[in-house]
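Data first, discussion second: the structure below is written as structure tokens.
The values are calculated or read from the model by the stated rules, or taken from the named source; none is laboratory data. Model, not experiment: these values are computed from the prediction. As a convention, Cβ positions derive from the backbone with ideal geometry for all residues, glycine included, and neighbour counts pool all protein chains shown. Calculation scope for accessible area: heavy atoms of the full protein, side chains included, ligands and nucleic acids excluded. Shrake-Rupley method; radii C 1.70, N 1.55, O 1.52, S 1.80 Å.
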Amino acid sequence: MSSQEKIPEENLPAEQEAAHGAVEGADDPFADPGLPAHRPRIQDIDERAAKRSERAVAFLFVLSMLATVGFIASYVIFPVDKIVFIWPFGHVSALNFSLGLTLGVALFTIGAGAVHWARTLMSDEEVADDRHAIEAEPEVKAKVLADFAAGAEESAFGRRKLIRNTLFGALALVPLSGVMLLRDLGPLPEKKLRQTLWSKGKQLINVNTMEPLRPEDVAVGSLTFAMPEGLTEDAHDFQTQIAKAALMIIRIQPENIKDKREREWAHEGIVAFSKICTHVGCPISLYEQQTHHVLCPCHQSTFDLSDGARVIFGPAGHSLPQLRIGVNSEGNLEALGDFEEPVGPAFWERG
């Protein structure tokens, strides 16, 4: 429609209203119908029905407490690797299934109990309140407090002691489930980080020949790797133990050993140091014969094996631990004890 065209006056809303006549007093289609009349529930008029609802809510809260106890008991009863058949799920982890089932029941029954309490025992009468300014007047504050007190009274929280006490019990026990989950962080280390398989009298076993090492097997300038007697590669904890007990065996001319303790803990110039780098635990395997330096291939930390295996380059924080060695009656190299400090990367006890 162009700007020059005009709507016929008889089609204008004002003209149409005049032609047909205005309807005075017509009902407003958007009028507020108000709230429907309140219809009391059976629990509002029959105390026996209210008691039944109270017992039902208390039963759900008690069931939540029992499920929480079952959740905690599952940690103790079921081993991590136990597999059971449960229809229709098939073969599942007994621990995972029991934890999920008990925790789900504990949380669901608390929610179901709260919903049933609200729908059957709390007041369900709807009250309309007009909007008011954001800033509350003193009389409004007083009204809010009065409404809160009235709501507390209508909820029967103080009067229904059975519900109140069982709710407190359920809410108090549920957080224990989270505390029990801390077990999945792993077992406490105790003294495992400070101890290895080495002890007095354990022979040094050549990892290549699996035979006990003798002093004549170690040539000057050579690098040999050893592990404790009794440790085998088919042991279930082999990787855990070898990660702490792996040794480097080097023979240095006694006059070239600079550190006094290193010379005393050696046998005829044969020294034994941990193979595990003190930076992030990589195995050390690069040896410079002329300088007696060993290099970690991961981050190039360098240690001087002629001077107590001190760090001369790289990010490692401290020297390699030395193992005191000697010779037994059979002429084989043996340990004279365990390392006197933890092997591998630094940890908090060193602080």
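Taking just the alpha carbons, could you work out the radius of gyration and Dmax for region 89-217, both in angstroms?
31.5, 100
Once you put a point 7 Å from the Cα of Phe97 and another 7 Å from the Cα of Glu264, both along the Cβ direction, what distance in nm separates them?
6.2
At 1.4 Å probe size, with the rest of the protein present, what percent of the exposed accessible area of region 274-351 is carbon and sulfur atoms?
On region 274-351, the fraction of accessible area on carbon and sulfur atoms equals 50 percent.
Per 0.36 nm of contour for each residue apart, how much would the distance between Tyr287 and Asp130 grow if the chain were fully extended, relative to their Cα-Cα spacing?
Value of the extension gain: 48.0 nm.
In region 123-241, if the dipole is taken from +1 on Lys/Arg beta carbons and -1 on Asp/Glu beta carbons about the Cα centre, which of Leu167, His236, Gly178 is farthest to the positive end?
His236
Express in Å², to the nearest 10, the accessible area of Trp198 obtained by rolling a 1.4 Å probe over the protein heavy atoms while all chains stay in place.
Near enough 10 Å² of accessible area.
Farthest toward the dipole's positive end in region 229-351, which of Thr302, Pro321, Ala335, given Cβ charges of +1 (Lys, Arg) and -1 (Asp, Glu) about the Cα centre?
Thr302
Quick check for you: which residues of region 57-80 have the amide N under 16 Å from the point 7 Å beyond the Cα of Val115 toward its beta carbon?
Under cut-off, by backbone N: 57-58, 60-61, 64.
Run down the lysines and flag those whose C-alpha is under 28 Å from the C-alpha of Lys51, throwing out any fewer than 8 positions away in its chain.
Output for Lys51: Lys161.
How big is the charge dipole of region 124-217 about its Cα centre, in debye rounded to the nearest 20, if each Lys and Arg gets +1 on its Cβ and each Asp and Glu gets -1 on its Cβ?
1220
Can you give the charge dipole size of the chain about its Cα centre, rounded to the nearest 20 debye, using +1 on the beta carbon of Lys and Arg and -1 on the beta carbon of Asp and Glu?
About 2320 debye.
May I ask you to work out the translational diffusion coefficient for the chain at 4 °C, viscosity 1.567 mPa s, via Stokes-Einstein with Rh from the Kirkwood sum over Cα pairs, reported in whole µm²/s?
Stokes-Einstein gives a translational diffusion coefficient of 44 µm²/s.
Working from Cα positions, state the angle (0 to 90°, nearest 10) between the long axis of helix 94-120 and the longest principal axis of the chain.
20
Going through the cross-link list Lys202/Lys244; Lys82/Lys202; Lys191/Lys258; Lys82/Lys275; Lys82/Lys244; Lys192/Lys275, which pairs have a Cα-Cα distance over 27 Å in this structure?
Lys82/Lys202; Lys191/Lys258; Lys82/Lys275; Lys82/Lys244
When all protein chains stay in place, what accessible area (Å², nearest 10, 1.4 Å probe) is found for Lys191?
About 140 Å², rounded to the nearest 10.
Rank His293, His91 by accessible area, highest first, at a 1.4 Å probe radius?
His91, His293
Given the C-alpha centroids of region 189-253 and region 62-138, what is the distance between them in whole angstrom?
54
Can you compute the FRET efficiency between Asp81 and Arg214 using 1/(1 + (r/R0)^6), with r the Cβ-Cβ distance and R0 = 51 Å? Round to the nearest 0.05.
E between Asp81 and Arg214, to the nearest 0.05, is 0.75.
Please label the shape of region 119-172 as rounded, prolate or oblate, based on the square roots a ≥ b ≥ c of the eigenvalues of the alpha-carbon gyration tensor (a/c under 1.5 means rounded; beyond that, a/b larger than b/c means prolate, else oblate).
Prolate is the answer for region 119-172, as a/c is 1.5 or above and a/b outweighs b/c.
Could you compute the FRET efficiency for Val179 and Val62, with r as their C-beta to C-beta distance and R0 at 22 Å, rounded to 0.05?
With R0 = 22 Å, the Cβ-Cβ based efficiency is 0.55.
Accessible surface of Leu182 in the full protein assembly, 1.4 angstrom probe, to the nearest 10 Å²?
Around 110 Å² of this residue is reachable by solvent.
With contacts defined as alpha carbon pairs under 8 Å and 6 or more residues apart, what's the relative contact order of the chain in percent?
13
What aspartates and glutamates does Lys260 reach when the alpha-carbon gap must be under 15 Å and sequence neighbours fewer than 8 apart in one chain are set aside?
Excluding near neighbours in sequence, the set is Glu268, Asp304, Asp307.
Using only the heavy atoms of the protein chains and a 1.4 Å probe, how would His318, His38, His236 rank by accessible area, largest first?
His236, His38, His318
Is there a quick way to get the dipole size of region 189-312? I mean about its Cα centre, with the Cβ of Lys and Arg at +1 and of Asp and Glu at -1; what is the value in debye to the nearest 20?
About 460 debye.
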